Amino acid sequence: MGEEKQKTIVNSWNEWDPLKHIIVGKADNCMIPPLEPAVDAKVPLDSEMRRLAGTRRSQESVDRANTQLDNFCDTLRKRGIRVDRPAPLDFSQPVQTPDWKVECMFTCMPPRDILLTVGNEILEATMSYRCRWFDYLCYRDLLNKYFEEDPNMKWEAAPKPRLTDATYKPGYKERSRTEEDKLRLVAAKDFITTEVEPLFDAAEVMRCGKDLFVQHGMTANLKGIEWIRRHFPNHRVHAVNFPGDPYPIHIDATLVPLRPGLAMNNPYRALPEEQRQIFYKNDWEIVDAAKPAHDEPPPLCYSSVWLSMNVLIIDPRTVCVEASEVYQQEQLDKLGFEVIPVPFRDAYPFGGGLHCATADVYREGKCEDYFPKQIEGF
Ligand code: DAV
């Protein structure tokens, strides 16, 4: 069926049901983010991005990323999946609100960070970086179109945070000068943001039907997780933590569900024993993700080598994996998947891997209960 004939339906309850319609980001105009407090806590301590903060990325690197993004779109379209693209802004512009000003914006390469699709709803997340405050503008044309074309689509936006200095802990930088400091702070659940207002990136949420698992870390605070809980009263929302990750943002290179009953966990960021119980009680298996094929991320990348496990599942038997990630491919092959290798390393520096670079619009299937046996107080 030609993609223009496909009726627009917004519906996606999990990360694995058969994919029909998706948004894939663009690298155009992407900036190296300015070192405002929340960005500072995430950019690796030894990264060149620190020196180049607030500058443009080279056009050559943008073009290479866009070539891979376009190729990824073609791969999805050939499988009958409808693909939409955001509208990049001139991210080099300084932006301000009544409370603050930053020298530039960031990117619209990773739509997963901001758009949370739960059933027939697409929710714009609050975000917690000032340079990402206006991310939503890149997606408004698309969301408006889905709203017009699907009479059941619910279009929501979480309360825009003020992101004043009160949102970030003073002295956090001084307390996190080394990787050991960072690991200690993360283990104590001491993150850069305060609890003055709800904060979350959509990519902190792992969707498994009736259950949403949300990482409490550098972009989502407890009030943000509570906001999600009250916003989705028919769901069960679980806060999860991953001690072992010095830069905990976004759950999708850490804990990734593959199909009902099977998830993979980053072995360096193990889900704590008490938080695993809900999986075991419901006969889920959690396997360690295969090791990444690379020792280092590509230059000027603020994500880790674990983008290896940032896979996009097309249906419960088919998965897109980055083309050079041979160990991850081999593992998923052994677990019974057809693996589609997708060259994507040139796009990594722009905001992440194959899952980060996408946002679901439509997967077939309905809201199922994969965790009928709950754990008290979790
Ligand atoms: O391992 O650096 C990357 C997730 C980006 N959305 C990591 C997490």
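Which Cys residues of the chain have no other Cys beta carbon under 4.7 Å away?
30, 73, 104, 131, 208, 301, 320, 356, 367
Taking the Cβ of residue 37 as the centre, find all other residues whose Cβ is under 11 Å away and add up their charges (Lys, Arg: +1; Asp, Glu: -1). Walk me through the intermediate numbers first.
Working: positive: 42, 130, 169, 173; negative: 36, 40, 165.
For residues surrounding residue 37, the net value is +1.
What's the tally of Lys pairs in the stretch 1-148 whose alpha-carbon atoms lie under 16 angstrom apart, where the two lysines are 8 or more places apart or on different chains? Walk me through the intermediate numbers first.
Details: 5/20; 5/78; 5/145; 7/20; 7/145; 20/78.
Close lysine pairs under the 16 Å cut-off: 6.
Please report how far the C-alpha centroid of the stretch 244-285 lies from that of the stretch 1-58, rounded to the nearest whole angstrom.
Taking the Cα centre of the stretch 1-58 as reference, the centre of the stretch 244-285 is 22 Å away.
What is the distance in Å between the Cα centroid of the stretch 100-150 and that of the stretch 303-322?
22 Å
If the chain between residue 376 and residue 187 were fully stretched, how many nm would it gain, using 0.36 nm times the residue separation less the Cα-Cα distance?
Numbers: separation 189, 0.36 × 189 = 68.04 nm, distance 2.27 nm.
65.8 nm is the gain from fully extending residue 376 to residue 187.
For residue 240, what residues show an amide H to amide H distance below 5 Å, using hydrogens built from the backbone and excluding near sequence neighbours?
214, 215, 216
Residue 119's amide H: which non-local residues (gap 5+, or another chain) put their own amide H closer than 5 Å, with H modeled 1.01 Å from N in plane and none for Pro or chain starts?
Here the answer is 12, 13, since their amide H atoms fall under 5 Å of that of residue 119.
Return the calculated 222 nm mean residue ellipticity for the chain, to the nearest 500 deg cm²/dmol, obtained by summing -39500 (n - 2.57) across DSSP H runs with n ≥ 4 and dividing by the residue count. Walk me through the numbers on the way to the answer.
Working: 8 runs with 77 residues, N = 378.
Computed mean residue ellipticity for the chain: -6000 deg cm²/dmol.
Find the relative contact order for the stretch 7-363 and round it to a whole percent, using C-alpha pairs within less than 8 Å whose residues are 6+ positions apart.
Values: 803 pairs, mean separation 81.2, N = 357.
Worked out over the stretch 7-363, it gives 23 percent.
Loop-only check: which GluC sites (Glu not before Pro) in the stretch 302-378 are DSSP coil with at most 15 other Cβ within 10 angstrom?
Values: sites: 322, 325, 330, 338, 364, 368, 376; in loops: 325, 364, 368, 376.
Passing sites in the stretch 302-378 are 364, 368, 376.
Just flag the trypsin sites (Lys or Arg not before Pro) in the stretch 313-358 sitting in loop per DSSP whose Cβ has no more than 15 other Cβ atoms within 10 Å. Walk me through the numbers on the way to the answer.
Values: sites: 317, 334, 345; in loops: 317, 345.
Filter output for the stretch 313-358: 317.
Taking amide H positions as placed in the peptide plane 1.01 Å from N, state which residues far from residue 211 in sequence (5 or more) or on other chains have amide H under 5 Å from it.
Under 5 Å from the amide H of residue 211 lie the amide H atoms of 236, 370, each far enough along the sequence or on another chain.
In whole Hz, with x marking every Gly and Pro, tabulate ³J(HN,Hα) for the stretch 291-305 from phi via Karplus 6.51 cos²θ - 1.76 cosθ + 1.60, θ = phi - 60°.
Residue by residue, the stretch 291-305 yields 6, x, 7, 10, 8, 9, x, x, x, 6, 10, 9, 9, 8, 4 Hz.
From the phi of every residue in the stretch 197-213, what ³J(HN,Hα) in whole Hz does the Karplus formula 6.51 cos²θ - 1.76 cosθ + 1.60 yield, where θ is phi - 60° and glycine or proline is x?
Values, residue by residue: 7, x, 9, 6, 9, 4, 6, 7, 9, 9, 9, 10, x, 5, 10, 10, 9 Hz.
The numbers here are math on the coordinates, done by the rules we state, and not lab data. Keep in mind it's a predicted model, so treat the numbers as computed, not measured. Counting neighbours? That spans all protein chains shown, and the Cβs are built from the backbone with ideal geometry, glycine included.
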